[in-house]
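The values are calculated or read from the model by the stated rules, or taken from the named source; none is laboratory data. Quick caveat: nothing in here was measured; it's all calculated off a predicted structure. Positions of Cβ are backbone-derived with ideal geometry, glycine not excepted, and every protein chain shown enters the neighbour counts.
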Amino acid sequence: MPLQKHKGKDFLRVDEFNGEELMELLHLSAHVKQLQKLGQPFQPLQGKTLGMIFDKASTRTRVSFEVGMHQLGGLGMFMSGKELQLGRGEPISDTAKVLSRYVDAIMIRTFSHSYVEELALHASIPIINGLTDLYHPCQALADLLTIWEHKGKLKGIKLAYVGDGNNVANSLVLGAALLGLDVRVATPVGYEMDTTIVAKATGYAKQSGGKMMVTTDPIEAVMGADAVYTDVWTSMGFEEENEVRLKAFADYQVNEKLVAAADRDYLFLHCLPAHRGEEVTTGVIDGSRSVIFDQAENRLHAQKAILAALV
């Protein structure tokens, strides 16, 4: 994949790229992963700096981006949103213009997606969405890389997502639809995916030869699935709803009974952190079909590909 092709581009949503471009990113992800396994350096970002703004707590995002930049030959600089002048009311537009003169790209993990869009509007450098309340595109790329590695293909793979129609679901479904997967989403009433995103994914699926289905029935979604995915029922920022959500999602736990409806060689995926005994049983998440730690590792390789392509 020619690295110059996407230089300077933002990565705010997974569908900033079309299906062909997403596959190029996945191929690059697999390539940089292989180079690392062989101990061969890949350092196209020597002398480059990534500014990393965090308004939300993080394990995988912070460590994978910081380590990724180091392995690519550059520097990842952690910045707490509360400790920047943003925390004292400086306009995001001013921060974007100033940081554009200091660093070569910005990764931001925050709450409002419109905040990230405004940052991108005023910045003259690539902006990478490390997570917002609406999207989690870097996670989706790692998820798709994991499925591709274990199944040897993506087109036609039956992917079931069970649980909250949240940011993880939004990005996963958009990416899967672009790449021709058979996507099934099961959510409780009141916790459905954004209807606009479902409409976009349905359109992408028609173009790619994939399928898109939304339901309230977890068994219907998981039936014959090659991959079963779930996330926590209460995401960051929604803690005050925890008790209500525990009741609403009680029938959406990924447990041994539910995965019995999946293909015998199904994969279990979870973006982590997980609440064992809530959205998934210990037997499933720690079982032989779970690939959650391959999936977590692939955040590093997928993000290195994104950085190499954009910066």
Handout entry: Subset tally (residues that are of a type outside the set (D, E, K, R), over 30 Å from Ser112 (Cβ atoms) and part of a loop (DSSP other than H, G, I, E, B)) for region 219-252
Key = 3
Practice task
Can you give me the number of residues within region 214-240 that are within 23 Å of the chain's Cα centre (by Cα) and either closer than 21 Å to Ile285 by Cα or modelled with pLDDT under 95 (or both)?
Solution key: 18
Exercise for the section: Report yes if some residue within region 105-112 is in contact with a Ser or Thr (Cβ under 7 Å, 6 or more places away or on another chain), buried (at least 21 other Cβ atoms within 10 Å of the Cβ), within 28 Å of His270 (Cβ to Cβ) and hydroxyl-bearing (Ser, Thr, Tyr); otherwise report no. Expected result: no
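Yes/no per residue for (1) outside the structural domain of Val63 (by TED's automatic domain parsing); (2) in a helix (DSSP H, G or I); (3) within 23 Å of Phe238 (Cβ to Cβ):
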| site | (1), (2), (3) |
| --- | --- |
| Ile106 | no, no, no |
| Ser124 | no, no, no |
| Asp143 | yes, yes, yes |
| Ser171 | yes, yes, yes |
| Gly180 | yes, no, no |
| Arg184 | yes, no, no |
| Pro188 | yes, no, yes |
Handout entry: Filter pass, Glu192 being of a type in the set (Asp, Glu), surrounded by fewer than 21 Cβ atoms within 10 Å (Cβ to Cβ), assigned to a loop (DSSP other than H, G, I, E, B) and at pLDDT 95 or above
Key = yes
Practice task
Tell me, yes or no, whether region 75-92 has at least one residue that is within 20 Å of the chain's Cα centre (by Cα) and buried (at least 17 other Cβ atoms within 10 Å of the Cβ).
Solution key: yes
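Residues of region 234-291 being under 29 Å from Lys153 (Cα atoms) and of a type in the set (Lys, Arg), which ones? Steps first, please.
Of all residues in region 234-291, those under 29 Å from Lys153 (Cα atoms) come to 252-274, 279-291.
Once the filter is applied, which keeps residues that are under 29 Å from Lys153 (Cα atoms) and of a type in the set (Lys, Arg), region 234-291 yields Lys257, Arg264, Arg289.
Identify, please: which residue in region 172-184 is under 13 Å from Tyr229 (Cα atoms) and in contact with a helix residue (DSSP H, G or I) (Cβ under 6 Å, 6 or more places away or on another chain) and is, among those, surrounded by the fewest Cβ atoms within 10 Å (Cβ to Cβ)?
Among those residues, the one meeting the criterion is Arg184.
Look through Gly47, Gly39 and report the one residue that is under 20 Å from Asp104 (Cβ atoms), free of Cβ contacts under 8 Å to residues at least 60 places away in the same chain and out of contact with any helix residue (DSSP H, G or I) (no Cβ under 9 Å at 6 or more places or on another chain). Break it down stepwise before answering.
Details: Gly39 fails: under 20 Å from Asp104 (Cβ atoms).
That would be Gly47, the only listed residue that is under 20 Å from Asp104 (Cβ atoms), free of Cβ contacts under 8 Å to residues at least 60 places away in the same chain and out of contact with any helix residue (DSSP H, G or I) (no Cβ under 9 Å at 6 or more places or on another chain).
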Handout entry: Residues satisfying the stated conditions in region 268-305, i.e. surrounded by 15 or more Cβ atoms within 10 Å (Cβ to Cβ), of a type in the set (S, T, N, Q) and more than 24 Å from His27 (Cα to Cα)
Key = Thr281
Completion exercise
Residue count, region 253-311, condition without any contact (Cβ under 8 Å) to a residue 60 or more places away in the chain and part of a helix (DSSP H, G or I), comes to 10
Practice task
Name every residue in region 147-170 that is on the phi > 0 side of the Ramachandran plot and basic (Lys, Arg), in order of residue number.
Solution key: none
Exercise for the section: Could you please find all residues in region 163-191 being hydrophobic (A, V, I, L, M, F, W, C), over 20 Å from Arg299 (Cα atoms) and out of contact with any Lys or Arg (no Cβ under 9 Å at 6 or more places or on another chain)? Expected result: Val185, Ala186, Val189
Exercise for the section: Can you tell me which residue among Glu66, Glu20 is in contact with a strand residue (DSSP E or B) (Cβ under 6 Å, 6 or more places away or on another chain) and assigned to a helix (DSSP H, G or I)? Expected result: Glu66
Problem - Tally of residues being assigned to a loop (DSSP other than H, G, I, E, B) and either over 17 Å from Gln207 (Cβ atoms) or among the aliphatic types (A, V, I, L, M) (or both) across region 152-169 - result: 8
